[in-house]
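Read through the structure below, which is laid out as structure tokens, and then see the notes.
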Amino acid sequence: MRPKAVITGATKGIGRAVAFKLVQEGYDLAVCSRNQQDLEDLKQELHRLNPVSEVWIRTCDVSKPEQVKAWCGELSAHWSKLEILVNNAGLFYPGSVLTEPDEALPHQLGVNLYSAYHFTRSLIPLIRRNASGHIFNLCSIASKTAYGNGGAYTISKFAVYGFSQCLREELKPTDIKVTAVLPGATWSDSWKDSGHDPEEMIRPEDIAELIWTCSRLSKVAVVEELVVRPQGGDL
Ligand SMILES: NC(=O)c1ccc[n+]([C@@H]2O[C@H](COP(=O)([O-])OP(=O)(O)OC[C@H]3O[C@@H](n4cnc5c(N)ncnc54)[C@H](OP(=O)(O)O)[C@@H]3O)[C@@H](O)[C@H]2O)c1
């Protein structure tokens, strides 16, 4: 049976690059985003790359725990195991703690933190059925160092990093690995209007390659943290 992976927010940027990498390596995928058409387009592109892999698509607003639980319930009825979970979906709104709107924090916590929390809790039984597995949580260099105009985003990414560390502690006695991925500026749609040169940035394919490599280590080795920066430093 082919290995199986879940990627949240797989239609763009890093999630999309991870989807291409895993399908190229023969994985079946279950992926979500909020846009049905984007998911169908992605499925077609992945099918062209590897016609054998299954690509299971369902829309889900990952900031809504009831939608996440329904999505995971449907997948758990369809699949009998899961090897890799990539908690990738996320969004960034600039703002500062003292002036951003009240909704900025709950909204970014919803998409960036609660999504990872509820996907993980809902899918852990499926991973346990496989006896071993690997959970990747997309944090950020903003998970370790606050920066100007980072406000609620930075708070949410510190929280995802904290979540990832708790999970790693809890799962040490098992064969389920946990890796916190902390990228610096990585070219994606979210940078399109920034005026920055894509050539100065990490490529989403770099992060996908690293996730793949981490997932291939021997049973006893885990990369707990993956800090990746543009060669020229932070933007
Ligand atoms: N790019 C960077 O420089 C960078 C640096 C550090 C960390 N990260 C982290 O890496 C992850 C991916 O970043 P990216 O730049 O690749 O993102 P991106 O290009 O903006 O893509 C985000 C993906 O998540 C989906 N998504 C967003 N909100 C969602 C929601 N509420 N429900 C379901 N899906 C949702 C988007 O699809 P829809 O909008 O259609 O739903 C899209 O597929 C994020 O967690 C981000 O914080 C990125």
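The values are calculated or read from the model by the stated rules, or taken from the named source; none is laboratory data. Computed from a predicted structure; not experimentally measured. Backbone-built Cβ (ideal geometry, glycine too); neighbour counts: all protein chains shown.
Worth a mention:
- Residue within the range 38-53 that is of a type in the set (Gly, Ala, Ser), closer than 21 Å to residue 118 by Cα and more than 9 Å from the ligand (Cβ to nearest atom) present: no
- Hey, residue 190 within 14 Å of the ligand (Cβ to nearest atom), outside any loop (DSSP other than H, G, I, E, B), touching a residue at least 60 places away in the same chain (Cβ under 8 Å) and small (Gly, Ala, Ser) or not: yes
- For the range 56-76, the count of residues that are in a loop (DSSP other than H, G, I, E, B), more than 16 Å from the ligand (Cβ to nearest atom) and modelled with pLDDT of 95 or more is zero.
- Annotation note: of 81, 4, 21, 12, the sole residue that is under 17 Å from the mean Cα position of the chain (by Cα), over 30 Å from residue 107 (Cβ atoms) and modelled with pLDDT of 95 or more is 4.
- Taking first residues from the range 15-30 that are at negative phi and partners that are among the basic types (Lys, Arg) and surrounded by 23 or more Cβ atoms within 10 Å (Cβ to Cβ), the Cβ contacts under 8 Å between residues at least 6 apart in sequence or on separate chains come to 27/4; 28/4; 29/4; 30/4.
- Looking only at the range 193-227, residues that are in a strand (DSSP E or B) and surrounded by 15 or more Cβ atoms within 10 Å (Cβ to Cβ) come to 3 in all.
- Selection within the range 11-37: residues that are more than 6 Å from the ligand (Cβ to nearest atom) and small (Gly, Ala, Ser). The member of this set that is surrounded by the fewest Cβ atoms within 10 Å (Cβ to Cβ) is 26.
- Selection status of residue 96, within 11 Å of the ligand (Cβ to nearest atom) and closer than 30 Å to residue 194 by Cβ: no
- Residue 178 vs. criteria in a loop (DSSP other than H, G, I, E, B), within 19 Å of residue 116 (Cβ to Cβ), more than 9 Å from the ligand (Cβ to nearest atom) and in contact with a strand residue (DSSP E or B) (Cβ under 8 Å, 6 or more places away or on another chain): no
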